[in-house]
Amino acid sequence: MITTLVPVLHQAQLNRYAVGAFNTNNLEFSQAIIEAAHEEQAPVIIQLSPKAMVYGGKALFCLTQELAANTDVPVVIHLDHGRKLSDLKLGLEWQMSSVMMDASALSFKRNVDATKEAVRLAHRHRASVEGELGTIGGQEDYVTGDDQNSYSLDQIKIFAKETRVDALALGLGTSHGLPVKNEHVDQNILKQARAAVTTPLVLHGASNIAPLVIRKAILNGITKINIDTELRQPFTGAVRHALATDHRLFDPREYLGVARAAVKERVKQKIRLFGSANKANYGYPRFR
Ligand code: G3H
Ligand code: 13P
Ligand code: ZN
């Protein structure tokens, strides 16, 4: 069944676990993520970036929606890193149950204004909204190094109060994509943020971060954890291996099938690490 971030992250916060937010690019990723959630009886967030929306079109959304609507576990279908209101409008028109407004490249005031507008729009559709403060490395490299935690505790409080976002991503030292030097999770800033607001907090760029660091971040208050690269790696690795070891292969279902199984296994591992296995039965409300 399809639901929003609100009940899913509320339960996570209450019971001190985190819900995995996994990016999809195609049929096999959507199947792998939703089957893994079903087998682990876990709530799950499946997300499409604007690039995935262009790559897969509405068809990618519709097949993901079909899989989500027909599973017994709660699934949030979320827009990841929407940077323009037009991305959000399209996602909401397609009936995504949740959207992210990432206006973190703008000044604080313009970020607040853009996120407020996103919340007004999404809440009219009964969808949830994630906002972002600070910088996550990799795709947001226009701000570098020390600037990544360039927000104050006061700004976190003002942002949460003014925008009324349902989840808040913070730049905490992680990076999108393959691991980079000095990647870390600033647990001190996280603890202070947790004490300052009740808004569920989100960790982006969480692929290839050590399990102990992830567990600590959950203890310190993270309730949504974004993973993309660590699904792309086993998928591509499995395709590469299958094609390299059997030169006669020509049926895509054979090499995409093993790649899908590899993604499913990785999603299951993450669900167990995040503590969200067997948390699917809190009576979550259906989206719309
Ligand atoms: O944070 C970004 C996600 O990993 C999505 O990446 O824009 O290549 O789809 P993408
Ligand atoms: P990774 O690239 O570390 O998987 O981060 C994914 C992410 O944050 C998607 O929003
Ligand atoms: Zn991200």
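Divide, for segment 175-288, the radius of gyration over alpha carbons by 2.2 N^0.38 Å, where N is the residue count. Can you show the working numbers first?
Values: Rg = 17.9 Å, N = 114, 2.2 N^0.38 = 13.3 Å.
This ratio for segment 175-288 stands at 1.34.
What does the net charge come to around Lys109 if you take all other residues with beta carbon closer than 11 Å to its beta carbon, with K and R at +1 and D and E at -1? Walk me through the intermediate numbers first.
On the way: positive: Arg110, Lys116; negative: Asp113, Glu162.
So the environment of Lys109 carries a net charge of 0.
Could you tell me the relative contact order of the chain? Use alpha-carbon pairs under 8 Å, at least six residues apart, and round to a whole percent.
Rounded, it is 25 percent for the chain.
Taking only Cα atoms and a 10 Å spring cutoff, compute GNM fluctuations for the chain and point out the largest among Lys58, Lys109, Lys224.
Lys109
If you rank Arg248, Arg232, Arg120 by how much accessible surface each has, with a 1.4 Å probe, what is the order from largest down?
The ordering from most to least exposed comes out as Arg248, Arg120, Arg232.
Which order do Leu14, Leu67, Leu203 take by accessible area at a 1.4 Å probe, largest first? Write down the numbers at each step before the final one.
Details: Leu14 110, Leu67 55, Leu203 0 Å².
My answer, sorted largest first, is Leu14, Leu67, Leu203.
Over segment 225-288, what is the relative contact order in whole percent, taking alpha-carbon pairs under 8 Å and six or more residues apart?
35 percent
Run the 1.4 Å probe and let me know the accessible area of Leu243, rounded to the nearest 10 Å².
Probe radius 1.4 Å; accessible area of Leu243 about 70 Å².
Working out 0.36 nm times the residue gap between Ser150 and Ala261, then minus their Cα-Cα distance, what length gain in nm do you get to one decimal?
36.0 nm
In sequence order, what are the phi-derived ³J(HN,Hα) couplings for segment 48-62 according to the Karplus relation 6.51 cos²θ - 1.76 cosθ + 1.60 with θ = phi - 60°, rounded to whole Hz, with x for glycine and proline?
10, 7, x, 5, 5, 5, 6, 4, x, x, 5, 4, 5, 4, 5
Set Lys and Arg Cβ to +1 and Asp and Glu Cβ to -1, take the dipole of segment 221-288 about its Cα centre, and tell me which of Ala262, Tyr284, Leu249 lies farthest positive.
Going by the charge dipole, the pick is Tyr284.
For Leu201, Leu153, give me the order by solvent-accessible area with a 1.4 Å probe, most accessible first, ignoring ligands, DNA and RNA.
Descending order: Leu153, Leu201.
Rounded to the nearest 10 Å², what accessible area does Val213 show when all protein chains are kept and the probe is 1.4 Å?
My reading of the accessible area for Val213 is about 50 Å².
Working from Cα positions, state the angle (0 to 90°, nearest 10) between the long axis of helix 229-245 and the longest principal axis of the chain.
Rounded to the nearest ten degrees, it is 20.
Could you check the spin-label model distance between Lys191 and Leu212? Points 7 Å from the Cα along Cα→Cβ, value in nm.
Inter-label distance under the simple model: 1.7 nm.
Tell me the label-point distance for the pair Leu178, Arg164, using the 7 Å Cα-to-Cβ offset, in nm and rounded to one decimal.
In this crude spin-label approximation the distance works out to 4.5 nm.
The values are calculated or read from the model by the stated rules, or taken from the named source; none is laboratory data. Quick caveat, the model's predicted, so the values are computed rather than measured. Neighbour counts run over all protein chains shown; Cβ positions are idealised from the backbone, glycine included. The accessibility values were calculated without ligands, DNA or RNA, using every heavy atom of the protein model including side chains. Shrake-Rupley method; radii C 1.70, N 1.55, O 1.52, S 1.80 Å.
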